[in-house]
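Undergrad: Mind having a look at this structure? Questions to follow.
The values are calculated or read from the model by the stated rules, or taken from the named source; none is laboratory data. Being a predicted model, the structure only gives us computed values, none of them experimental. Note: ideal-geometry Cβ built from the backbone for every residue, glycine included; neighbour counts use all protein chains shown.
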Amino acid sequence: MFKLKNQRISMRKKVSLVGLTLIFTSLFVPSFVSPVRAAGTLDSRLAGADRYQTAIKISQGGWESANTVVLARGDDFPDALAGAVLANSAKAKGPLLLTDSNTLQPEVLTEIQRLNAQKVYILGGTGAVSDTVKKALEDNGRTVQRLEGADRYETAAAIAREAVSNSPQVFLAYGESFADALSISSYAAAQGMPLLLTDNKKVPQVTLDALHSLGVKAITLIGGTGVIGSEVKTQLEGLGYTVDRRAGDDRYLTNLDVLNNLNFNTSNVFVATGLDFPDALAGAVLAAKNNNPIILVPQSDLAAQTTSYLYSRRASASSFTLLGGWGVISYGVESIIRTGSAHPRISLQYWDGYANLDTYRKQLALIPGMATDYVDLLSPNWRKEIKEDGTLALQWGWDSSNYLTLAQEAQARGLKVLPLINGSGSVIDTMLANPAARANLISQIVKLVELSKTDGVVVDFELLSDADGPYLTEFMKALAAELKPKNKLVVMAVMPITSPEVETWLVEYNYQDLAQYADYLHLMTYDHHYRTSAPGAIAPVEWVKKVLAYAKSAGVPADKILMGMPYWGRDWAPTSDGKWNSTAFGLSKAKELAAQNNAEIKRETSAADPVGVPYFTYTVTGTDNSQVPHTVYFDDEQSWSSKLSLLDQYGIGGIGPWAMGWLDSDSAGGLFPLLKSHLR
C-alpha cells in the first residue's frame, strides 16, 4: 500500500504530469517493546447529544444493572443537588438520571429497563418532575417514591433522611447556586454524609430540624462568605455545632480547596464544566463509587491553580474521565488535561502498519512512556479501497476485531486514534461529484469510527481534477455535520500551496472554506522534491515557510494549521533516458548507506536555512561498468529541529509528519525528545 504525495499541473493547461511520489512503508522493523501505560492518561469522555443523553452515558459507563435509580429534573438544579448521596447509599446503589419535567424521554426509560431497575426515586415535587413522568414509570412496572418538600431546603432534608438514618457530620452548601454543592457531592456520597442546603445569612428551620434528627455534631460549610455568610457559622456554633469551612475566591478555587484537603482516591479524576450542573450531578454518583474527585473547569482560560492540580494528578499517573461533550468541555481544555500544557500543540503521527498488526504495535512502542508528551493523535491506514459509489473497503474486512484492538491499545496510552481515509485521482473525482456516493462514503466512515471506537478521522484526497467545483468542501461539510455532534475530530490533509497563482492546479483545495469544517488542516509540506524529480531536499525550509505564510494569509486560523514533516529521504540516480528515479528510506538507512560508500555527509544551507539539510553523493558501477552517480537527501535531528522552530515563528497548531514507518529505535530516540521540546 502507499500514500500519494504529488505535485500536479492543471490538465486544463494540458501540461504533463510533473511527478507522482509513491512513498512505501519502510522495510525496517524495529524490535518490539510492550507498550507502557502513560502517566496521566485521558481514559474516556462520557458524552451524549444533550444533558439527558450524557447522564445515560454515565450510567452505562458505571452500571451493568441496578435495582434502584434516582431521577431528577434536568433543566434546573435545586431539588437534585443532594441526590448523589441517596444514589450511592445502601437504599439505591444506582445511577442518577435526568428527565424532562413533563415527559419521560423514551431513552431514559430504555436505560432504566437496561439496568432492570425496579424502583425509582423522584427528587422534587410535581413542579419539578410531573405526575405524568411518575405515571409513565408506574405503567412500565416500576415502583416510584417521590422525595419532596415545600422548597429546595426541605427537599434536600427529605433526601438526606432517606439516604442516611444518622450522621455525626454533614456538608452544608448554598441553596441558590450549584457549583459548591457539586464540588463536595462525590465525596459526600462516597462517605455516606448528607449534603444539606442553607440560605446566605441564616440556616432555614427545615435544615436545622434535619441536623437535629440526623444527630449531627460537626458541619463543614462549602463556599466562601460571599455565598454562606459568617452569620451562618455564628448561628450554628451558637447551637453547639463544630463548624469548619472549605472555600476559595470563586467556584473553581473552592472546588480545588475541597479536592486538595479531603481524602480522595485520585487514581481517576472526573472532569466536568463548572458553568452548568447536569453533567457533574450525574457524574458525582459514578465518581463516588470509588471515592474519586470531580474537578470543575471553565470553557477556557484555566486558572494556574487548576492547571497545577491537573499537572500534579497527571504526573502521579491519574487517569481522567471527561463528563460532557465539546460544547461544555472544549478540545482546548481536553488538550490541557491530556498533555499537561496550558498551550498545547498537536502532534499528529501517521501510524502506517498497512494491515500488519505486529508492525502497528512496534511503531506504537517507539513512542516513549509518557506518550502524550510527544503525540496527541495517531492515524492508521485501514483503508483498502474507495470505490466510485463511495463504498469503503477495509484492510482486514469489516468483521475484524483488529481495528478496535489497536485503537484501545493506543487509547490506553492517552492517545487519540483517527483512521486515515485517503484516495486519489479519477475514482475520488467521480465519488465527490455524486451526492449519493458522498453520502455513502460518509455513512461508512461513521460506521468505521463507531465499530472501532476511534476518535475521528483524517481525510486525504489527492490528484483531484481542478474542474471538480466545490465538491471537496461539500464533502467535508457533510462529514463534519455527522462526526462533530458525536464529539469526533475531523482533520484534513491538504496539498501544499505557496500561492494560487503558482499552484494553479490545486484550486480545489480552498484552505479557508475547508478550515470551517476541519478541526485541523494538515499542510503536506513535503515532496518538494519527489520520486522522479531532480535531487533536492524533501521539504526545504524556505518553501515550507511560503506554504505556512499562504495558509495564514488565506484565512486559516493559525491554531488549526499542522505543518507536515518528512521522516524519509531519497536516493536519486539518473535513468537511461536522462530523467531521474529514486528510492526512499529512513534516517538510519541513509546514515548506513553513507558509511557503506565512504561518503561524506554535507549540509545544503541557505540564508533562509542556515542549519541546512544533510546530503551526500556516491557512485555505483553499473552492469556495463559505467559509473552511475547517486545523490541522497534526507532529514536528521538538526533539520527536524530547524523545521520545528517554525511552530513558534508562525504560531501554528502543531505538526503532521509522514510517517512512523520510516522510524526505528535509533531515529525515534533522536526525534521524540525534539518533539517534546518544541511541542510542550
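Undergrad: Restricted to region 49-76, and to residues that are in contact with a Gly (Cβ under 6 Å, 6 or more places away or on another chain) and of a type in the set (S, T, N, Q), which residue is nearest to residue 485 (Cα to Cα)?
TA: So, considering only residues that are in contact with a Gly (Cβ under 6 Å, 6 or more places away or on another chain) and of a type in the set (S, T, N, Q), the one nearest to residue 485 (Cα to Cα) is 54.
Undergrad: Evaluate the following for residue 227: is it more than 20 Å from residue 283 (Cα to Cα) and either buried (at least 23 other Cβ atoms within 10 Å of the Cβ) or not assigned by TED's automatic domain parsing to the domain that holds residue 112 (or both)? Walk me through it before giving the result.
TA: Values: more than 20 Å from residue 283 (Cα to Cα): yes; either buried (at least 23 other Cβ atoms within 10 Å of the Cβ) or not assigned by TED's automatic domain parsing to the domain that holds residue 112 (or both): no.
So residue 227 fails the test.
Undergrad: List pairs: first in region 210-234 and assigned to a helix (DSSP H, G or I), second among the basic types (Lys, Arg), Cβ under 6 Å, 6+ apart or cross-chain?
TA: Here the result reads 231/201, each pair linking region 210-234 to a residue that is among the basic types (Lys, Arg).
Undergrad: Also: With the condition being modelled with pLDDT of 95 or more and among the hydroxyl-bearing types (Ser, Thr, Tyr), I'd like the strands (runs of 3 or more DSSP E) fully within region 530-612 carrying at least 1 qualifying residues.
TA: Values: elements: 561-563, 568-574, 580-586, 602-604.
So the answer is 580-586.
Undergrad: Being hydrophobic (A, V, I, L, M, F, W, C) and assigned to a helix (DSSP H, G or I) narrows it down to one of 421, 428, so name that one.
TA: Numbers: 421 fails: assigned to a helix (DSSP H, G or I).
On inspection, the qualifying residue turns out to be 428.
Undergrad: Among the residues of region 588-623 satisfying the criterion of being among the aromatic types (Phe, Trp, Tyr) and out of contact with any His (no Cβ under 8 Å at 6 or more places or on another chain), which is farthest from residue 529 (Cα to Cα)? It would help to see each step written out before you state the result.
TA: So in region 588-623, the residues among the aromatic types (Phe, Trp, Tyr) come out as 615-616, 618.
Within this subset, residues satisfying the condition of being out of contact with any His (no Cβ under 8 Å at 6 or more places or on another chain) are 615-616.
Values: 615: 13, 616: 16 Å.
Applying the filter and picking the extreme gives 616.
Undergrad: Follow-up. Is it true that residue 628 is buried (at least 22 other Cβ atoms within 10 Å of the Cβ) and in contact with a Ser or Thr (Cβ under 8 Å, 6 or more places away or on another chain)?
TA: no
Undergrad: Here is a list of conditions, (1) surrounded by fewer than 17 Cβ atoms within 10 Å (Cβ to Cβ); (2) modelled with pLDDT under 95; (3) touching a strand residue (DSSP E or B) at 6+ places or on another chain (Cβ under 6 Å); (4) not basic (Lys, Arg), and residue 677 meets all of them except one; can you say which number that is?
TA: Residue 677 satisfies all of (1) surrounded by fewer than 17 Cβ atoms within 10 Å (Cβ to Cβ); (2) modelled with pLDDT under 95; (3) touching a strand residue (DSSP E or B) at 6+ places or on another chain (Cβ under 6 Å); (4) not basic (Lys, Arg) except (3).
Undergrad: Does region 550-562 include one or more residues that are under 22 Å from residue 524 (Cα atoms), within 36 Å of the chain's Cα centre (by Cα) and surrounded by fewer than 12 Cβ atoms within 10 Å (Cβ to Cβ)?
TA: Taking region 550-562 as the starting set, the residues that turn out to be under 22 Å from residue 524 (Cα atoms) are 550-562.
Still in the running and within 36 Å of the chain's Cα centre (by Cα): 550-562.
Pick out the ones that are also surrounded by fewer than 12 Cβ atoms within 10 Å (Cβ to Cβ) and you get 553.
Checked against the condition, which is being under 22 Å from residue 524 (Cα atoms), within 36 Å of the chain's Cα centre (by Cα) and surrounded by fewer than 12 Cβ atoms within 10 Å (Cβ to Cβ), region 550-562 yields at least one hit.
Undergrad: Just checking: which of the strands (runs of 3 or more DSSP E) contained wholly in region 289-401 hold 3 or more residues that are under 20 Å from residue 45 (Cβ atoms)?
TA: Values: elements: 294-297, 319-323, 346-351, 377-380, 383-386, 392-394.
Result: 294-297, 319-323, 346-351, 377-380.
Undergrad: I'd like to verify a number: residues in region 613-641 that are in a strand (DSSP E or B) and of a type in the set (Phe, Trp, Tyr), how many?
TA: 4
Undergrad: Here's another thing I want to ask about it. Before we move on, is residue 70 in the same structural domain as residue 191 (by TED's automatic domain parsing), at pLDDT 95 or above and part of a strand (DSSP E or B)? Reasoning before the result, please.
TA: Values: in the same structural domain as residue 191 (by TED's automatic domain parsing): yes; at pLDDT 95 or above: yes; part of a strand (DSSP E or B): yes.
Yes.
Undergrad: So is residue 498 among the β-branched types (Val, Ile, Thr) and either touching a His at 6+ places or on another chain (Cβ under 7 Å) or part of a loop (DSSP other than H, G, I, E, B) (or both) or not? Can you show your working first?
TA: On the way: among the β-branched types (Val, Ile, Thr): yes; either touching a His at 6+ places or on another chain (Cβ under 7 Å) or part of a loop (DSSP other than H, G, I, E, B) (or both): yes.
Yes: the conditions hold for residue 498.
Undergrad: Among 490, 449, which is part of a helix (DSSP H, G or I) and not hydroxyl-bearing (Ser, Thr, Tyr)? Steps first, please.
TA: Details: 490 fails: part of a helix (DSSP H, G or I).
Being part of a helix (DSSP H, G or I) and not hydroxyl-bearing (Ser, Thr, Tyr) holds for just one of 490, 449, which is 449.
Undergrad: In region 237-255, what residues are within 22 Å of residue 176 (Cβ to Cβ) and either part of a helix (DSSP H, G or I) or touching a Gly at 6+ places or on another chain (Cβ under 6 Å) (or both)?
TA: Passing the criteria: 247, 251, 252, 253, 254, 255.
Undergrad: A further question follows. Restricting attention to region 429-481, and to residues there that are on the phi > 0 side of the Ramachandran plot and small (Gly, Ala, Ser), which single residue is nearest to the chain's Cα centre (by Cα)? Full working, then the answer.
TA: Start the filter on region 429-481 by keeping residues that are on the phi > 0 side of the Ramachandran plot, which leaves 453, 456, 463, 469.
So of that shortlist, the ones also small (Gly, Ala, Ser) come out as 456, 469.
On the way: 456: 9, 469: 32 Å.
Among them, the one singled out is 456.
Undergrad: Mind checking whether some residue in region 642-656 is out of contact with any Gly (no Cβ under 8 Å at 6 or more places or on another chain), surrounded by fewer than 19 Cβ atoms within 10 Å (Cβ to Cβ) and part of a loop (DSSP other than H, G, I, E, B)?
TA: There is at least one residue in region 642-656 that is out of contact with any Gly (no Cβ under 8 Å at 6 or more places or on another chain), surrounded by fewer than 19 Cβ atoms within 10 Å (Cβ to Cβ) and part of a loop (DSSP other than H, G, I, E, B).
Undergrad: What number goes with the only condition from (1) at pLDDT below 50; (2) crowded, with 22+ Cβ neighbours inside 10 Å; (3) not small (Gly, Ala, Ser) that residue 33 does not pass?
TA: It fails just one condition, (2).
Undergrad: Are there any pairs with C-beta distances below 9 angstrom linking a residue in region 301-316 that is assigned by TED's automatic domain parsing to the domain that holds residue 260 and closer than 15 Å to residue 257 by Cα to a residue that is modelled with pLDDT of 90 or more and among the acidic types (Asp, Glu), with the two at least 6 apart or on different chains, and if so which?
TA: 303/250
Undergrad: Counting only residues that are charged (D, E, K, R), in contact (Cβ under 8 Å) with a residue 40 or more places away in the chain and either surrounded by fewer than 22 Cβ atoms within 10 Å (Cβ to Cβ) or touching a Lys or Arg at 6+ places or on another chain (Cβ under 7 Å) (or both), how many does region 70-109 have? Break it down stepwise before answering.
TA: Pass one, region 70-109, residues charged (D, E, K, R): 73, 75-76, 79, 91, 93, 100, 107.
Now restrict to residues that are in contact (Cβ under 8 Å) with a residue 40 or more places away in the chain: 73, 76, 79, 91, 100, 107.
Filter once more, keeping what is either surrounded by fewer than 22 Cβ atoms within 10 Å (Cβ to Cβ) or touching a Lys or Arg at 6+ places or on another chain (Cβ under 7 Å) (or both): 76, 79, 91, 100, 107.
Total satisfying the criteria: 5.
Undergrad: Has region 262-270 got any residue that is farther than 30 Å from residue 334 by Cα, buried (at least 20 other Cβ atoms within 10 Å of the Cβ), in contact with a Phe, Trp or Tyr (Cβ under 9 Å, 6 or more places away or on another chain) and free of Cβ contacts under 8 Å to residues at least 60 places away in the same chain?
TA: At the first step, the residues of region 262-270 found to be farther than 30 Å from residue 334 by Cα are none.
No, region 262-270 contains no residue that is farther than 30 Å from residue 334 by Cα, buried (at least 20 other Cβ atoms within 10 Å of the Cβ), in contact with a Phe, Trp or Tyr (Cβ under 9 Å, 6 or more places away or on another chain) and free of Cβ contacts under 8 Å to residues at least 60 places away in the same chain.
Undergrad: Inspect region 522-534 for any residue being among the charged types (D, E, K, R), touching a residue at least 60 places away in the same chain (Cβ under 8 Å), buried (at least 21 other Cβ atoms within 10 Å of the Cβ) and in contact with a Ser or Thr (Cβ under 6 Å, 6 or more places away or on another chain) and give the result as yes or no.
TA: Of the residues in region 522-534, the ones among the charged types (D, E, K, R) are 527, 531.
If we keep only those that are touching a residue at least 60 places away in the same chain (Cβ under 8 Å) too, we end up with 527, 531.
With the extra rule that they be buried (at least 21 other Cβ atoms within 10 Å of the Cβ), the set shrinks to 527.
From what's left, in contact with a Ser or Thr (Cβ under 6 Å, 6 or more places away or on another chain): 527.
Checking region 522-534: at least one residue is among the charged types (D, E, K, R), touching a residue at least 60 places away in the same chain (Cβ under 8 Å), buried (at least 21 other Cβ atoms within 10 Å of the Cβ) and in contact with a Ser or Thr (Cβ under 6 Å, 6 or more places away or on another chain).
Undergrad: Failed condition for residue 565, given (1) assigned by TED's automatic domain parsing to the domain that holds residue 493; (2) crowded, with 22+ Cβ neighbours inside 10 Å, with all others met?
TA: The one condition residue 565 does not meet is (1).
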